[in-house]
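A short worksheet on the structure shown next.
The values are calculated or read from the model by the stated rules, or taken from the named source; none is laboratory data. Small disclaimer: the values here were computed from a predicted structure and weren't measured. Ideal geometry is used to build each Cβ from the backbone, glycine not excepted, and the neighbour counts take in all protein chains shown. For the accessible areas, the whole protein counts, side chains as well, though only heavy atoms, and no ligand, DNA or RNA atoms are used. Shrake-Rupley method; radii C 1.70, N 1.55, O 1.52, S 1.80 Å.
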Amino acid sequence: NAALASDTTAKWLWNFICSGKADVEVRSAVMQGQHVLARLQEGDFRAQLPRLLIPLGEACRGLGNLQEAIVFFERARKLSTEFNDFENGFSAYQMLFNVFVRLEKDEVAGAMLTGA
């Protein structure tokens, strides 16, 4: 079940992000999450991707890979809009806002806040 795989992997990733694991462990978790993401993409389960893309982006942000985080969050935002997934879309906008504030891109951050 694609929804179960996406949800379980997302929860597992959040556990790594929130528990203060070492960077090497978080990187390993991101790689495993990307493997699950690839399998979901192969099966064309696009509606299930946003809930996995958001923790992948947050893990990348925590590791200092802001550009990679933006790619994950943007993709989550677009897919959430496509599939009327308000919850994950709102989260993606908030994550993008946070990243753009950190990058001191105030106009883009404002657009993300307005979009949310």
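Check whether at least one residue in the stretch 18-33 is in contact with a Ser or Thr (Cβ under 6 Å, 6 or more places away or on another chain) and either at pLDDT 95 or above or among the hydroxyl-bearing types (Ser, Thr, Tyr) (or both), and report yes or no. Steps first, please.
So in the stretch 18-33, the residues in contact with a Ser or Thr (Cβ under 6 Å, 6 or more places away or on another chain) come out as 33.
In the following step, the residues that additionally are either at pLDDT 95 or above or among the hydroxyl-bearing types (Ser, Thr, Tyr) (or both) were identified as 33.
Checked against the condition, which is being in contact with a Ser or Thr (Cβ under 6 Å, 6 or more places away or on another chain) and either at pLDDT 95 or above or among the hydroxyl-bearing types (Ser, Thr, Tyr) (or both), the stretch 18-33 yields at least one hit.
Here the stretch 75-97 is the region considered, the condition is being acidic (Asp, Glu) and surrounded by fewer than 16 Cβ atoms within 10 Å (Cβ to Cβ), and the residue that is farthest from ARG46 (Cα to Cα) is GLU87. Run GLY20 past the list (1) open to solvent by less than 80 Å² (accessible area, probe 1.4 Å); (2) at negative phi and report the number of the one that doesn't hold. Condition (2) is where GLY20 drops out.
Looking at the structure I just gave you, is ARG27 of a type in the set (Lys, Arg) and buried (at least 19 other Cβ atoms within 10 Å of the Cβ)? Criteria not met by ARG27.
With respect to (1) open to solvent by less than 80 Å² (accessible area, probe 1.4 Å); (2) of a type in the set (D, E, K, R); (3) not in a helix (DSSP H, G or I), the lone exception for GLU104 is condition (1). Among residues of the stretch 8-25 that are without any contact (Cβ under 8 Å) to a residue 24 or more places away in the chain and farther than 19 Å from PRO50 by Cβ, none has a beta-carbon under 8 Å from a residue that is open to solvent by 80 Å² or more (accessible area, probe 1.4 Å) and not in a helix (DSSP H, G or I) at least six positions away or on a different chain.
Go through the residues of the stretch 65-73 one by one and say whether even a single one is at positive phi and either out of contact with any Ser or Thr (no Cβ under 7 Å at 6 or more places or on another chain) or not in a helix (DSSP H, G or I) (or both).
No, because not a single residue in the stretch 65-73 is at positive phi and either out of contact with any Ser or Thr (no Cβ under 7 Å at 6 or more places or on another chain) or not in a helix (DSSP H, G or I) (or both).
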